[in-house]
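Comments concern the structure below.
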Amino acid sequence: MHFTNAQWLDFARGLASPELATEMQHHLAKGCLRCAALARAMVVVEQTMARDRAMRVPQEAVRRAANLFPQSPQVSWSDLPRRAAALLFDSDLEPVTAGVRSAGPRIRHVVFDAGPFRVDLRMEHEQPQPVLALTGQVASPSAPVAGLRVAVSDGSRTLAESLCNEFGEFQMECRPRDGLQVLLWSQSDGAALVMEI
């Protein structure tokens, strides 16, 4: 009978139960080369882990390592100046084709011009739960779109938040209510672009 890697690591760390440790000692005494090699390897692993646990990394090294991966500041939506985006298209303002009025869930499509960005947004009321699913894409010929922050707000609270992927796509869900806004923030612009939905 052979023992598992986890059991040999517990043995090397002194965490195996006394009964199991005795059984493992007897197994090694019988001359099992495979388990003896595994036991020696786990002793090396435990010694390495002990050295790592004892190592104290200087705070300056931690700070420098953190600075290698700059993070965009987590600015509160309520602290940002706001600028209204221009509505270019709203499917709710278009006449509905006869016979389509009651076919399936209601999907609204809107397009906004928001500074250097064009925002294409689809809103679907999902059933049976009262959920508003928002799927959108931000496009720009001059500004990067990956990592842009997008949120849904009721004017005072942030209800959902997302980041654009490398294609400018994002998804969010919230409970439907009146007065919802989609907010878009680019660190380079500084202002939150507001789209009334």
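Details
- By the Cβ rule of 4.7 Å, the chain holds the following cysteines without a possible disulfide partner: Cys164, Cys174.
- Mean separation of Cα contacts under 8 Å, 6 or more apart, over the residue count of the chain: relative contact order %: 15
- Share of pairwise Cα separations in the chain, more than 19 Å, in percent: 72
- Considering only Leu193, Gly168, Gly179, and ranking their Cα positions along the charge dipole of region 77-196 that arises from unit charges at the beta-carbon of Lys, Arg, Asp and Glu, the one farthest toward the positive end is Gly179.
- Between amide H atoms placed 1.01 Å from N, distances below 5 Å from Phe117 occur with no residue 5 or more places distant or on a separate chain.
- Translational diffusion of region 115-193, estimated by Stokes-Einstein from the Kirkwood radius over alpha carbon pairs at 10 °C in a medium of 1.306 mPa s, is 123 µm² per second.
- Farthest toward the positive end of the dipole of the chain, out of Leu20, Gly147, Leu87, is the Cα of Leu20, where the dipole comes from beta carbon charges about the Cα centre.
- Extent of region 1-66 along its three principal axes (Cα atoms, max minus min coordinate, largest first): 52, 22, 15 Å.
- Charges were assigned to the Cβ only: +1 to each Lys and Arg, -1 to each Asp and Glu. The resulting dipole of region 77-196 about its Cα centre is roughly 140 debye.
- Residue exposure sequence - Thr48, Thr158 - by fewest surrounding Cβ within 10 Å: Thr48, Thr158
Bear in mind that the values in this text are calculations on the coordinates, not laboratory data. A quick note: this is a predicted structure, and the numbers were derived from the prediction, not measured. Glycine also receives a Cβ, built like all others from the backbone with ideal geometry; neighbour counts cover every protein chain displayed.
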